[in-house]
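Below is one structure, written out as structure tokens, with a few remarks after it.
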């Protein structure tokens with residue numbers, strides 16, 4: 001489970017996050033919603049380690065990981081996707097997913113230089129596992145295509161597969177359905193549910209309220225870097241502060257209900 | 001400690017430091033608009049000095065005509081270089097622009113060598129060679145010209161960026177290309193002007209130092225590097241930093257040569273550079289926003 | 001942006017090496033043989049920098065210095081202390097690796113083009129030291145009397161003998177490099193050179209890998225230096241100055257940054273151009289400068305990249321022709337009455 005305690009992030013005079021406190025219980029799906037500029041991506045950057053908080057701490061399964069660099073957090077079971085994609089261009093879809101396994105593979109410089117059989121075997125089994133993962137998210141047929149050949153929507157799913165490849169206990173999904181048509185979005189929602197059923201804790205940033213309502217156990221609402229509401233979908237939807245800050249979502253949510 | 005010796009070293013340091021400051025200025029101006037390191041800067045300094053020296057040699061024109069003429073010629077060279085090699089870049093990433101300036105630097109050096117010859121050349125001092133005695137130390141009159149022109153240039157550049165429309169447009173474009181473009185600023189044009197200013201100020205530096213040190217087609221490289229170190233010392237992109245960094249570097253070199261060893265004098269600028277990178281990459285006035293991974 | 005290593009790459013390299021082994025019997029005289037030897041050393045140099053520029057996106061302006069440290073360490077140990085060049089080799093590599101580590105560790109932690117600046121400074125300092133530490137390096141006049149490599153008592157100082165030594169050494173180094181690039185580590189390098197943040201968040205220790213690339217790159221340059229020192233029998237500081245470092249950057253860009261075969265092309269240009277322009281001596285510099293700009297503007301993937309595109313076009317035309325043939329065959333089959 002992942003927890004954030006008293007986290008603040010200051011960019012010069014701008015407070016992107018102010019004294020934020022929350023936790024995601026193990027095995028649940030928590031959605032973070034809020035208007036643009038509310039600090040959601042900053043929050044993800046703090047949790048994944050790209051952004052150091054001005055104050056506060058991040059805990060993963062009780063361990064304080066605030067000072068740990070991102071690659072070490074992956075080793076401890078934290079994985080994420082990116083709002084604007086951080087796919088590795090020039091590589092195939094399969095290879096992108098195999099990169100996700102980097103922390104779980106062991107072949108080192110020596111093994112690489114001499115092409116030791118143990119390293120080659122490890123590579124072969126990694127590719128096999130990656131292909132299976134792509135099959136689970138419905139991209140098996142595109143595994144050997146270069147990433148430049150895939151649509152934005154497909155690439156978002158590639159990123160999810162890649163994050164899963166690191167065998168995470170906590171998965172951060174940054175706007176996984178942004179830019180996707182409704183059919184694709186519900187497919188992503190299914191994938192998220194399936195991942196969660198297998199025991200992975202999920203924290204997601206989303207604007208699509210239908211997806212949020214259908215997958216989350218719990219919702220956190222941010223505005224101006226502060227928490228303005230937290231709780232189960234029904235109570236959040238009715239919360240006056242949320243309605244004030246996020247009128248559009250309220251109308252959409254009313255249609256969803 | 002003999003105070004007149006210290007004074008003498010200080011004079012020497014400020015003189016060379018002023019040149020470094022002018023070169024640093026050029027680096028900063030290009031860096032601000034493109035995030036790239038302009039390798040041609042040193043060659044423009046050399047071109048200015050060489051051109052002035054050559055014209056003087058061929059036509060014997062007075063210095064007050066030579067100075068603006070050579071500056072304008074090299075500024076034009078900067079303009080043409082930018083139009084031919086930076087402007088057409090489809091993706092002007094910092095790495096691409098940096099590489100292109102390497103090409104410009106090499107080509108400029110080669111052209112000067114081919115057109116103006118390999119012989120070292122010189123210019124007469126602007127106002128005679130009679131040293132001025134100040135507090136037991138002697139000061140070359142050329143040094144006063146150097147410092148004077150440095151101050152005039154710094155003030156001029158400052159006013160340009162603060163008071164003129166073009167200057168403010170350039171500042172805007174440097175801060176945020178897209179936003180500037182959205183308000184109607186021709187961003188590509190501002191990059192061109194940056195190159196023009198860098199070439200012009202570089203040429204000026206080259207001309208005013210030539211009476212003291214000779215110039216030849218190889219003189220640009222080391223001068224460029226030292227100017228770059230000065231720019232880093234002051235904080236890349238920071239105009240005030242160019243002044244401070246240049247003068248400080250000049251003084252450090254001067255004193256190191258006297259108190260440590262003159263053999264390693266040329267290494268001072270680079271030791272400073274490395275130390276900066278290891279401990280304070282932002283330099284003296286740069287924002288400490290150099291992100292660590 | 002960077003090479004996709006596959007079995008084809010290994011095979012092509014093997015074929016090239018077989019052809020190169022036959023070279024001494026094909027060339028009319030030793031002039032071409034020496035040129036080929038020079039080319040081999042340059043391939044190593046350009047490939048070393050290509051590795052760095054292609055896989056970490058950083059420019060180094062100190063590869064001339066690393067080349068020099070390799071040459072001087074091995075050369076001084078052999079010429080002044082009688083150390084066998086075979087022992088000098090690993091020592092030179094280790095020394096260069098250590099220096100590269102010291103320069104790279106603090107600078108590669110920073111985002112931005114700070115390595116270019118640090119290496120610029122470092123090369124300048126190295127040049128001064130090559131001159132000033134006369135007791136070891138022989139000063140501006142250079143280091144003389146560097147003995148050649150010997151194998152089983154035989155001195156490898158003839159043109160042919162040294163050619164084979166260079167062929168073997170460079171061949172082994174390139175295969176090791178290919179192995180590195182075609183591994184989990186190579187994949188991590190490719191990842192971090194395209195999306196650094198993404199790579200870091202996938203578990204790649206970006207800082208450590210950048211340093212690895214820089215150190216390996218420096219050591220390859222040092223290997224070239226060792227070969228050079230023990231063949232030339234003499235080294236002097238100008239061979240390792242900033243101009244050399246800049247030229248190497250130009251060659252990498254000309255060949256195509258990150259392009260495997262681009263390094264071979266860049267080295268070819270670097271080796272042949274001075275020869276071709278011998279009669280126009282002074283034009284050499286101008287040609288380099290203008291070609292760099294031309295290549296950057298019109299062949300952003302370098303000449304290696306342009307070649308790749310050409311091969312792709314030819315390959316796709318073959319594929320189109322094949323599918324046309326197949327289509328025609330299928331149509332003919334349909335038209336033919338069944339017997």
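State log₁₀ I(q)/I(0) for segment B:1-157 at q = 0.13, 0.15, 0.16, 0.21 Å⁻¹ as given by the Debye formula over alpha-carbon point scatterers of equal weight, solvent excluded.
Normalising to I(0) and taking log10 leaves -0.73, -0.92, -1.01, -1.37.
For the protein assembly as shown, taking Cα atoms only, what is the radius of gyration to one decimal and the Dmax to the nearest whole Å?
Using the Cα atoms of the protein assembly as shown, the pair Rg, Dmax is 30.8, 117 Å.
Ratio of alpha-carbon Rg to the 2.2 N^0.38 Å globular estimate for segment C:39-150, to two decimals, please. Let's see the in-between values first.
On the way: Rg = 15.0 Å, N = 112, 2.2 N^0.38 = 13.2 Å.
For segment C:39-150, the normalised Cα radius of gyration comes out at 1.13.
What number, in nm² with one decimal, is the all-direction average of the projected area of the convex hull of the alpha-carbon atoms of chain B?
For the Cα atoms of chain B, the hull's average projected area reads 16.3 nm².
Inside 10 Å of the C-beta atoms of B:261-271, what's the mean count of C-beta atoms belonging to other chains?
The mean count of partner-chain Cβ atoms within 10 Å per residue comes to 4.
Which translational diffusion coefficient, to the nearest whole µm²/s, is obtained for segment A:1-58 from the Stokes-Einstein equation, given a Kirkwood hydrodynamic radius over C-alpha pairs, 37 °C and 0.692 mPa s?
Translational diffusion coefficient: 280 µm²/s.
At q = 0.18, 0.19 Å⁻¹, what log₁₀ I(q)/I(0) does a Debye calculation on the Cα points of segment C:92-208 give, no solvent, two decimals?
Summing over Cα pairs of segment C:92-208 leads to -1.14, -1.16.
Please identify which residues in segment A:106-142 have an amide N closer than 14 Å to a label point set 7 Å out from the Cα of residue C:17, following the Cα→Cβ vector.
A:114-115
Given Cα pairs under 8 Å that are at least 6 residues apart, what percent is the relative contact order of chain B?
About 36 percent, as a whole number.
Taking 60 Å as R0, compute the FRET efficiency from the Cβ-Cβ separation of residue B:64 and residue A:55 and round it to 0.05.
Taking R0 as 60 Å, the efficiency between residue B:64 and residue A:55 is 0.45.
Run the Debye formula on the Cα coordinates of chain C, all scatterers equal and no solvent, and tell me log10 I(q)/I(0) at q = 0.07, 0.10, 0.13 1/Å.
-0.33, -0.62, -1.01
Given springs between every Cα pair under 10 Å in a Gaussian network model of chain B, which of B:12, B:136, B:227 has the largest fluctuation?
B:136
Rank C:26, C:125, C:314 by mean-square fluctuation in a GNM of chain C with C-alpha springs under 10 angstrom and give only the top-ranked residue.
C:314
Calculate the all-directions average of the projected area of segment A:129-193's alpha-carbon convex hull, and give it in nm².
4.4 nm²
Give me the Kirkwood hydrodynamic radius of segment B:56-103, using the inverse of the mean 1/r over all pairs of distinct Cα atoms, in Å to one decimal. Walk me through the numbers on the way to the answer.
Working: mean 1/r = 0.0790 Å⁻¹.
It works out to 12.7 Å.
Just want to confirm a number: the relative contact order over chain C, from Cα pairs under 8 angstrom separated by 6+ residues, in percent.
Rounded, it is 30 percent for chain C.
Can you pull the three principal axis extents for the Cα set of segment B:84-184, in Å, largest first?
Here the spans come out as 58, 40, 20 Å, largest first.
If we restrict to alpha carbons, what Rg and Dmax does chain A come to, in Å?
18.8, 64
Enter the angle in degrees (range 0 to 90, nearest 10) between the Cα long axis of helix A:152-165 and the first principal axis of the Cα atoms of chain A, meaning the one along which they spread out most.
With rounding to tens, the tilt is 70 degrees.
If I take the Cα coordinates of segment A:75-213 and project them onto the principal axes, what are the three extents in Å, biggest first?
Principal-axis extents of the Cα atoms in segment A:75-213, largest first: 52, 32, 22 Å.
For chain C, set up a GNM with springs between Cα atoms under 10 Å and report which of C:302, C:203, C:54 has the largest fluctuation.
Highest fluctuation of the listed residues: C:203.
With viscosity set to 1.306 mPa s and temperature to 10 °C, compute the Stokes-Einstein D of segment A:1-104, Rh being the Kirkwood radius across alpha carbon pairs; µm²/s, no decimals.
The estimated diffusion coefficient comes to 106 µm²/s.
Specify the inter-centroid distance of segment C:257-312 and segment A:1-77, based on alpha-carbon positions, in whole Å.
With segment C:257-312 and segment A:1-77 each reduced to a Cα centre, they are spaced 49 Å.
Along Cα→Cβ, 7 Å out, is where each label goes; now give me the distance between the ones at residue C:314 and residue C:30 in nm to one decimal.
Result for the modelled spin labels: 3.6 nm.
Dividing the alpha-carbon radius of gyration of segment A:131-257 by 2.2 N^0.38 Å (N being the number of residues), what value is obtained?
Details: Rg = 15.8 Å, N = 127, 2.2 N^0.38 = 13.9 Å.
Normalised Cα radius of gyration, segment A:131-257: 1.14.
Would you mind pulling out the separation of the Cα centroids of segment A:149-192 and segment B:181-216, in Å?
49 Å
Counting pairs of alpha carbon atoms under 8 Å apart in space and at least six apart in sequence, what relative contact order in percent does segment A:105-223 give? Walk me through the intermediate numbers first.
Values: 87 pairs, mean separation 23.0, N = 119.
Relative contact order of segment A:105-223: 19 percent.
If you stretched the chain out fully between residue C:208 and residue C:284, how much longer would it get, using 0.36 nm times the residue separation minus the C-alpha to C-alpha distance? Let's see the in-between values first.
Numbers: separation 76, 0.36 × 76 = 27.36 nm, distance 3.91 nm.
Separation in residues times 0.36 nm, less the Cα-Cα distance, equals 23.5 nm.
What nm distance separates the two modelled labels at residue A:89 and residue C:322, each placed 7 Å from Cα along Cα→Cβ?
Modelled inter-label distance: 2.9 nm.
Take the Cα atoms of segment B:146-293, find their three principal axes, and give me the spread along each one in whole Å, biggest first.
Extents along the principal axes, in whole Å: 55, 43, 25.
Let me know the mean shielding of B:222-231 by other chains, meaning the per-residue number of their Cβ atoms within 10 Å of its Cβ.
Values: counts 2, 0, 1, 7, 1, 0, 3, 4, 0, 1.
The per-residue average across the peptide is 2.
If neighbour count is taken as other Cβ atoms inside 10 Å, put C:214, C:66, C:280, B:270 in order from fewest to most.
Numbers: C:214 27, C:66 35, C:280 10, B:270 24.
The most exposed by this proxy come first: C:280, B:270, C:214, C:66.
Sort the following peptides by mean Cβ neighbour count (other Cβ atoms within 10 Å, averaged over residues), highest first: A:58-68, A:173-183.
Highest-to-lowest ranking by the protection proxy: A:173-183, A:58-68.
What's the ranking of B:152-164, C:136-148 by average number of surrounding C-beta atoms within 10 Å, highest first?
C:136-148, B:152-164
Could you work out, residue by residue across C:187-198, how many beta carbons of other chains sit within 10 Å of that residue's beta carbon, and then give the average as an integer?
The shielding value for this peptide is 6.
If I take R0 = 35 Å and measure r between the Cβ atoms of residue C:81 and residue A:110 in this structure, what FRET efficiency does the formula 1/(1 + (r/R0)^6) give, to the nearest 0.05?
Once rounded, the FRET efficiency stands at 0.70.
Report the residues of segment C:153-173 in range of a label on residue C:233: point 7 Å along Cα→C-beta, backbone N strictly under 12 Å from it.
The answer is C:156-159, whose backbone nitrogens lie closer than 12 Å to the label point.
Take the alpha-carbon positions of segment C:27-71, form their convex hull, and give its projected area averaged over all directions (one quarter of the hull surface) in nm². Show your work: numbers first, answer last.
On the way: hull surface 15.2 nm².
The directionally averaged projection comes out at 3.8 nm².
Over all alpha-carbon pairs in segment C:212-319, figure out the percentage whose distance exceeds 20 Å.
On the way: 2920 of 5778 pairs.
Considering segment C:212-319, 51 percent of its Cα-Cα pairs are separated by more than 20 Å.
Starting from the 7 Å offset along Cα-to-Cβ, what nm value, one decimal, do you get for the label separation of residue C:158 and residue B:84?
Between residue C:158 and residue B:84, the label points sit 5.0 nm apart.
Rule-based calculations on the coordinates, nothing more; no lab input. Please read all numbers here as calculations on a predicted model, not as lab measurements. With ideal geometry, Cβ positions are generated from the backbone for all residues, glycine too; neighbour counts draw on all protein chains shown.
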